[in-house]
1. Looking at (1) within 10 Å of the ligand (Cβ to nearest atom); (2) touching a residue at least 12 places away in the same chain (Cβ under 8 Å); (3) outside the structural domain of Gly176 (by TED's automatic domain parsing), which is the one condition that is false for Ala105?
2. Just for region 150-176: of the residues that are under 20 Å from the mean Cα position of the chain (by Cα) and hydrophobic (A, V, I, L, M, F, W, C), which one is surrounded by the fewest Cβ atoms within 10 Å (Cβ to Cβ)?
3. Of all residues in region 116-141, how many are out of contact with any Leu (no Cβ under 8 Å at 6 or more places or on another chain), of a type in the set (Asp, Glu) and closer than 30 Å to Val99 by Cα?
4. State yes or no: is Gly141 surrounded by fewer than 20 Cβ atoms within 10 Å (Cβ to Cβ), within 8 Å of the ligand (Cβ to nearest atom), in contact (Cβ under 8 Å) with a residue 40 or more places away in the chain and under 17 Å from Gly216 (Cβ atoms)?
5. Going residue by residue through region 46-56, is there one that turns out to be touching a Lys or Arg at 6+ places or on another chain (Cβ under 7 Å), more than 19 Å from Gly216 (Cβ to Cβ) and not assigned by TED's automatic domain parsing to the domain that holds Asn143?
6. For the structure I just gave you, tell me whether Lys255 is assigned to a helix (DSSP H, G or I) and at pLDDT below 95.
7. Evaluate region 129-137: report whether one residue or more is more than 23 Å from Lys206 (Cβ to Cβ), among the β-branched types (Val, Ile, Thr) and either touching a Ser or Thr at 6+ places or on another chain (Cβ under 7 Å) or in contact (Cβ under 8 Å) with a residue 12 or more places away in the chain (or both).
8. Got a number for residues in region 173-191 being away from the ligand (no atom under 14 Å from the Cβ) and either acidic (Asp, Glu) or under 17 Å from Thr202 (Cβ atoms) (or both)?
Amino acid sequence: MSEKEEILKKFVEASAGSDEEKVEEALNEAKELGDAQLIAQLKLIRGVDIGDEEMCAEAAKEAVEAGMAPYKAIIDGLAKGMEIVGGKYECKEYFLPEVLMSADAMYSGLNYLLPLIPKDEKGTKGKIIMGVVEGDVHDIGKNIVKAMLTATGYELVDLGRDVPTDDFIESAKKEGAQVIAMSTLMTPTLMSMKTVEDKLKTTGMKDKVRTIIGGGSVTDEWRAKIGSDAYGKDAMEAVDKVKMLIDQIMVAVKKMKETEEEEK
Ligand code: B12
């Protein structure tokens, strides 16, 4: 393990265990090492952990100035911080007010970093309807996935959060979208994904639209159970899987058209 990796490990463990002395120690070691990317990364993690909007905004800028890719700053910095917050919420060290402050801090970093993700300007590759399912307001992950898909050239129709199941279907129909992407972080709201799947089947739309699901409570097993077409564990995987789905749908639509022609 390199010195940089050791400092990062020490910092993350100390933050998770709220060992302030060790947190300071690791920060000082990073400064002594003089690695600007590492210092910015630790500040991003710290900013989310303690819910400091200013620290996150500043660190986001510093990370980019130090040459860190915006997506890496999001995942290895801000999201890592949110992982720590999740752990502290679970063991009742943090409660909702602290989590809300962390979410605001995360957004202050995201607002700077998301627009900087390099864009693929080769024209639109397909249309995606995206939203957080009914009953769930967690939208940080959805917004990261949306930014990655937009950057890679897809047209995104963002329905926001707590989206009624019918809105996914209606919107896909109205917009002529190829993919519906659904996010949820909560277990009780997993059923909303199944409702959308079932409705797509009963309305005969499943031939024209593919679905992809993701978020903290979603697994590939759940995808298989409800008959969704893809599961992505993070924003990078979302990009790969959406490409696969759009390729599939193009082939399927072409075949449908050929059969229609033959039947004429
Ligand atoms: C921040 C947070 C909040 C914030 C949300 C702010 C916001 N605007 O999003 C606030 C404070 C509002 C909140 C509220 C609540 N929360 Co909360 N929250 C969290 C926390 C700490 C972090 C979530 C997060 O943003 N993670 C960071 C992002 C980047 O990760 P992500 O969303 O997973 O996204 C990545 C991947 O999953 C994937 N992905 C995400 N979506 C999609 C979609 C597709 C298509 C694909 C392919 C991939 C993909 O890519 C993303 C980027 O790589 C989690 C803890 C945890 N361990 O997750 C609890 C957690 C999700 N919350 C939880 C709960 C219970 C609640 C409340 C019900 C609490 C309450 N009693 O009121 C309410 C929810 C009210 C509601 N009806 O929705 C529980 C859910 C438990 C469960 N399994 O059901 C968790 C797990 C905490 C816990 N351990 O108990 N919360």
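1. It is condition (1) that Ala105 fails.
2. Out of the qualifying residues, it is Val157.
3. The total comes to 2.
4. no
5. Yes, the conditions are met somewhere in region 46-56.
6. Judged against the criteria, Lys255 is a match.
7. Among the residues of region 129-137, at least one is more than 23 Å from Lys206 (Cβ to Cβ), among the β-branched types (Val, Ile, Thr) and either touching a Ser or Thr at 6+ places or on another chain (Cβ under 7 Å) or in contact (Cβ under 8 Å) with a residue 12 or more places away in the chain (or both), which makes the answer yes.
8. 2
The values are calculated or read from the model by the stated rules, or taken from the named source; none is laboratory data. Bear in mind the structure is a predicted one, so any value in this text is a computation, not a measurement. Note that each Cβ is placed from the backbone with ideal geometry, even for glycine, and that neighbours are counted across all protein chains shown.
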